Amino acid sequence: MTLITAALILAAYLIGSVPFAVVVSKAFGLSDPRHYGSGNPGATNVLRSGNKAAAALTLVGDAAKGLVAVWVMRQFGSDAPLAVALAGIAAFIGHVFPVFLGFKGGKGVATAVGVLGAFSGYLALASAVTWLLIAVTTRYSSLAALVAAIAAPAFAHVLVGQPAITGACLAMAAMLLWRHSDNIKRLLAGTESRIGQKKRDAAG
């Protein structure tokens, strides 16, 4: 690994660490999303403020972090699958453990989608369709995110065919499962809120 590649992996982490939920909320004059709802600095929790525009901007920003981090690696570092995969993982970890928020971040769903889109448009599309199908049929946003995360490595293997990219998808899926442990417990107990209901602890 070259020094430039290593530096860009660090840059990817810093890009991922940008707390769009906090920045956007402040710009809109809203309360800090870490102080209400689930306490998650993510788009779904920002939506609890009632400001859909702020939530949408947060969602776009969080997804863009993954896209930009991988794009920067490809443009200014290396296009090698391992380097690209590490940049994607770094951006995702940056969102989950942001240095700018004391390493207490969101769950990483939107940033993971951005990373998948940077890896492959087809990969992101397959994962998004999976999320949509599960969300529409069950009305559980968390379950849809979990199923899409679990399916992503398989999609990567088939659609991209690069072990490093598949490995990155596996790593993100494992972390998403861990970050959604409370949601999983509620799903098993039958107490998880459905889409359209007041959410207890959504993905962000």
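The values are calculated or read from the model by the stated rules, or taken from the named source; none is laboratory data. As the structure is a computational prediction, the values presented were derived from the model and not from experiment. Counting neighbours? That spans all protein chains shown, and the Cβs are built from the backbone with ideal geometry, glycine included. Accessible surface is based on the protein model in full, side chains and every heavy atom, while ligands, DNA and RNA are left aside. Shrake-Rupley method; radii C 1.70, N 1.55, O 1.52, S 1.80 Å.
Tally the residues that are in contact (Cβ under 8 Å) with a residue 12 or more places away in the chain and over 23 Å from Ala145 (Cα atoms), restricting the search to region 28-54.
Count: 3.
Quick test of your reading of the structure: Arg74 fulfils all but one of (1) over 23 Å from His180 (Cβ atoms); (2) touching a Gly at 6+ places or on another chain (Cβ under 9 Å). Name the failing condition by number.
Going through (1) over 23 Å from His180 (Cβ atoms); (2) touching a Gly at 6+ places or on another chain (Cβ under 9 Å) one by one, Arg74 breaks only (2).
Looking at region 90-106, can you tell me whether even one residue there is among the aromatic types (Phe, Trp, Tyr), in a helix (DSSP H, G or I) and open to solvent by less than 10 Å² (accessible area, probe 1.4 Å)?
Looking for residues that are among the aromatic types (Phe, Trp, Tyr), in a helix (DSSP H, G or I) and open to solvent by less than 10 Å² (accessible area, probe 1.4 Å), one finds at least one in region 90-106, hence yes.
Just to verify a result, which residue in region 2-43, among those that are polar (S, T, N, Q) and touching an Asp or Glu at 6+ places or on another chain (Cβ under 9 Å), is surrounded by the most Cβ atoms within 10 Å (Cβ to Cβ)?
Ser25
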